[in-house]
Every structure is written in structure tokens, then in C-alpha cells.
1. Place the peptides 396-408, 621-633 in order of packing, highest mean first, counting for every residue the other Cβ atoms within 10 Å and averaging per peptide.
2. What is the spin-label model distance, in nm, from Ser629 to Leu405 if the labels are put 7 Å beyond Cα along the C-beta direction?
3. In segment 157-260, which GluC sites (Glu not before Pro) fall in coil by DSSP and have 13 or fewer other Cβ atoms within 10 Å?
4. Defining a contact as two alpha carbons under 8 Å apart and six or more residues distant in sequence, what relative contact order in percent does segment 478-519 show?
5. Once all Cα-Cα distances of segment 584-629 are split into 10 Å bins that start at 0, what whole-number percent is in each one?
6. Using only C-alpha atoms and all pairs of different ones, pull out the Kirkwood radius for the chain in Å with one decimal.
7. Compute the FRET efficiency between Ala234 and Trp104 as 1/(1 + (r/R0)^6), taking r as their Cβ-Cβ distance and R0 = 22 Å, and round to the nearest 0.05.
8. Considering only C-alpha atoms, what is the centroid distance from segment 314-339 to segment 99-124, in Å?
Amino acid sequence: MAILRVERFWLIVPKEEESKLLEVFKAFPRIHWEKTSKIESQSSRYSAQLSKIEETFKIALELFPNKKNLLESFFAGREEIDEKQFQQLLEEVSWKKLYRTAKWAEKALENLKRRKERLEQLTFDIRFWDKLDCALDFPRSFERYELFSGIISKKNFDQFLQQAGELLEESWIWSVQEKKEVKCVLLVRKENADKIEKTLQKFEFTPKKIPYLKSTPSESIQRLNRILENVEKAKERILKRASILNEKFRNLEAWYDYFLSKSLEERTTDFRYDTVYFTAYTGWIPTIDKQEFLNLLERTVSQYGFESREPLEDEDPPVILHNPRFIKPFEFLTKLYGMPRYNGVDPTPYVAPFYLIFFGICLGDVGYGLLQLTLVSWIKKAFKPERGAKELLDLLQVLSIPSILVGILTWSFFGSQPFLGPDGKFLGIFPVVNPTGELMKALTIALFIGVFSQMYALVLRMVCGFKTKDYKTAIYDGLLWLLFFASLLGYFGLQLITGKQYRIFLYILLASALGLILTQGRDKKNILSRIVVGVISLYGIVGAYGISSFVGDVLSYSRLFALNLVGSVFGSVITQLAQMVKGVPALGWILFALIWVGGQLLNYVLSALSAFVHSTRLQFLEMFGKFYSAGGKAFTPYALEGKYFKVRK
């Protein structure tokens, strides 16, 4: 049973017994509770606490960046502790104290940041005038003179002096050349100021103010440097005081989980239907769990009413995929595509073997398979992943096995084929298939897999049609196409191999073709249009399938050994490159190890990623597209769990 049977239930308790139901919610997190449509979700009274703690997280991580590595960030699950340890984390420090510290540190550091920016800008402005050997507190406005200060190119400055000529009489000019530019200060008579200003603009003069300071530029810079040092020391003092945020980060996480649990407990009222004297709940429960749930109710609530039934035809029950342990990792792929409908078919057990073959051939290498098995096993043990991350790692762990097996058949070990004898084989057996030397053989196997999987997909379309009582799809779009392609391959294939004509296949081919012509345009009312569409559909321009679609899909499977070939060649090239530097004096073996280990890791990552993507594409497009339609909703149990800790009872 790939889709677990569920029942719709109603639970009614007297008002005075309602508080005890919270224990039921906590103790039985395997129910998909239905929210009442009459009550809209209100913001929780714990939302403010959660928001403030999230704000504290953000500030703490900005001040003390997360030290988690890439693997930990992706795969780490919740830390498992007991209730006593969890309570200790709550009691050690108040979340309000951490929040106040975070806000204080944030504000203090922001003030320091603004002050530092102002000081650095002032330092930059002073450095511009560092050749002025005088205190910068001289007057900027005069009764009879106008002050201009700024920068101008050397060429323009010379031309300006020539053109200004008499206007600069009785003026004071200070200038210093730096590379191709001239910094200058002009003190000119007021009656000539407008003309001087226009002349300066003509020669692209850029005004720049001189900061007002009571000391010379060099003295001012020294003083500003001392102030900047004090700013840095103040920042260090703030970070030291705020380091409690880093030290008590786990406590903060515990407080977050505490309020999250309280919030979830509060939201259980969203599932409640109230009457004057009773409270009712409804939801979906797996049939296999019903008796355990009833036993829990019996122990927890003294008075209650419980009734359940099978889903009605017009209902859309939530879906739980339920497969044997060795198939379960492949549920990750089905969920990735979309959950099946409750009365539909779970494709997981039907396509899992094909995905094993697809991925196994694409990655197909003993070394890479062992590397994946070791790496995934270590990550699972070290980080104890949960939910989606665990499902992905479980799948990758299983997929390492066919990769090793295909690697043995092709005798590929990190892209190399060691220990081969004079006959090109190891122990006279391996490689059974050599993708690098037997391209046609490898291609033939890939295309055979393609033909078989396409026929298998048509069988599944037929089975799914019968199971969902869609008999037209089962017969017209499943059975007829299956007979058509099987007889087509049987007639021409056997004739090519044996040289004989098996007319039984010809009769089946003609009969199935006639059936397809009459049924593929069945939505057309006009009989002539129906026949025309039926004929065209044989090619694959319209309709559910066609010869061109079949050929195109089968050719897609050539990528299986193509990816295997690319991975093998790249791995072999890396080994050869590493061998070439092995003879370098003193550093030879170090260079060999660096190139070989780094290159093989890179090749494994690229090959595994390609194997996953292309195998998934073959499954989703070439197989799921033939028979599977998603559209179901996932069974979502309401669990009062924290985000960071898994608390043992």
C-alpha cells in the first residue's frame, strides 16, 4: 500500500474537559487537524516575544558571524536534549536581558560607526590640504577680498594665470603641484571676484573647502588618528560587553523554542468548533493509528465522543506515502514532483528501480560510489539531519550502491581501470562493458533501457487508468499505444535479426494503428476531423503520444552512458595530470596529492550533480509525463515542536 489509508474523524468533548486535549496534541503528533473556516487565525500573544528574539538573533549574528560550516548549515538537525537541560537553558539567563543588550550594542555601534565615518571624511579632507603649513583657523571671509580654494589641472592653471593677468594684481596666490593637478588658494580683490570665478570655471576649476581647524593639517591628522583609535577601543568594549549574546546563543534558541511551543499550543484553538457546552475538533487520522489514538483519549479525557469514517468521493483527503524501507528514500523524488491524489497511484515503488539504474549508470564508478557512501554516512552521523535534508541523504546513500555496482561492471575506479591484463580485462571478466572503448555497445544498452522504460511507462498509464476507473485513458492512451509500439518493434526488429517476417505482429500493428486513428481524436465531434487527428497523432504532432515522441524519448536515454563516459574521461585526465607532476623534486608527491584529491573531488561533485539532475529529468519527463499526474495535498501533522531543540521526555 503506497498511499496510507486515512479516516475523517470528529472529536467532541465537554467544555470542562477541553484543557486536557492539549496533552493529546502534544502526545500524538500524527494527525492532520482541519482548521475551522469560521475562525480566522489571530496573531499569537507570543508573537512579540518571538519577534524580539528573532531580532536578537539577527543582531548577535551580525556582531558574531555564524561559525557553522557549509555542511552544518545545510544538514544539521535539531540538538537533542532532555527536559531538565532545556529548563536549565531557560533559567540561566533572561531573554529580555539579552534583548536589551543586543539593542544597546546595536545603537552604540551605530553611533560609533557614524562618528568614525565623519572622522574619516574629515581626515580625508585635511589630507587634501596637508601641504598648507599653517593652522587652518584663518578667516574665510574678508571685507575687501574673496577666497577661492580648490583643484585645477596644471595645464589649465598656467593658462588661467596668463588669462587672469591684471585681475590677479594685489592678489595672494598659494599653490602646490601634485602629479598633473594643482591645489591652489586664491585671495583676490572683491571687485574682481566675479570675473575670476568665471575664468576659473572656464578652466574647469573644482572648488574644495578648507576644513576649519585650530591646528596645522599634520597636527590635526595626528589628533584625528588618536580619536579614531579611541573609537576602535570603544567598539572593542561594546563587543566585549555584548559577547554574552554569543556565549548565551543556545539559551536564546531555547527561549525561542519555548515561546514557539506556547504559540503552537495557543493555535490549537484554530481547529476548534465551539458550542455552548461542547467543543468539537475534526481532522484526518491514519487508519493504522486510530486505535492508539483512542487509547490515548481514554487515558487523558474522561468524557468524549469520537466518530470516524472513510473519505467520501467529493472529499480531498491529505496523502501519506507509505512504502517499504528500501523504497522510502525515493519518496523524496515523488514529493519533489508533487504528491499524488488520495485515490490516485503513488509512482514511487514503480519507478524507483529505474532511478537506481539511471543514477547508477550516470555516476557508475567504484571510487565515486564508495566516496558518496562514506561521505553521506558521515554527514548523517555527524549532523543528524531531519526532514528534507535527511530524505535527500537517505536517497544519496541508497544511490551509491548502484554506482558501485555499475563501476564494477565497467571496471572504473576514479576514472581509471587498474589491474587490467593483456586481454584488457581484470580476472578475465571485468569490464563487462567498457564505455570508453565500446561506445556502440554502451549506446545500445542505453537505448534498450530507453525502449523498455517507455513501454513500462505505457503499462503504468494503463494500470493507473484502470485503477482510477478512467477506462478510456487506460485503453485508448495506454493499451493501444503499447500494442502499437510492441508490434512495431516486434515486426521490424525480429525481421532484422532473423530475416523472417512474423505476420502476427503485422496484424497487431495494423489493428492497434486503426484503433489509435479512431480514438486519438475522440474529443472531436466531426467524424472526418476525428480521423484526421487520429492519423496525425500517429506521428506525434497532436494527441497523447506518437512515433516522434517515442523516438525522441528513447534517444534521451543515450545521456546515461554519455555522462558515464564524461566522468570517466575527466577522472582519467586528472590521474594523468597528477602522475606528470609526481617526479618534481621534493614537492612531487605533495603536488600529486593536491591535484589528484582536489581534481577527483571536483569530478565527483560535478558527476554526482549531473547524475542527479539528468536521472531526475528522465524520470519526471520521460516517465512521469506518461502516466502520473500530481495534485494531492500532503498530510501535515500538527506537532508542537521547537525549531532548534528536540526535547526528550
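The values are calculated or read from the model by the stated rules, or taken from the named source; none is laboratory data. These figures come from a predicted structure and were not determined experimentally. So basically every Cβ, Gly included, is an ideal-geometry build from the backbone, and we count neighbours across all protein chains shown. Only protein heavy atoms, including side chains, enter the accessible area calculation; ligands, DNA and RNA are left aside. Shrake-Rupley method; radii C 1.70, N 1.55, O 1.52, S 1.80 Å.
1. Descending packing order for the listed peptides: 396-408, 621-633.
2. 3.5 nm
3. Passing sites in segment 157-260 are Glu169, Glu170, Glu204.
4. Relative contact order for segment 478-519 comes out at 49 percent.
5. Going from the shortest bin to the longest, the percentages are 24, 25, 20, 15, 10, 5, 1.
6. Taking every pair of different Cα atoms in the chain, averaging 1/r and inverting gives 33.4 Å.
7. With R0 = 22 Å, the Cβ-Cβ based efficiency is 0.95.
8. After rounding, the separation between the Cα centres reads 53 Å.
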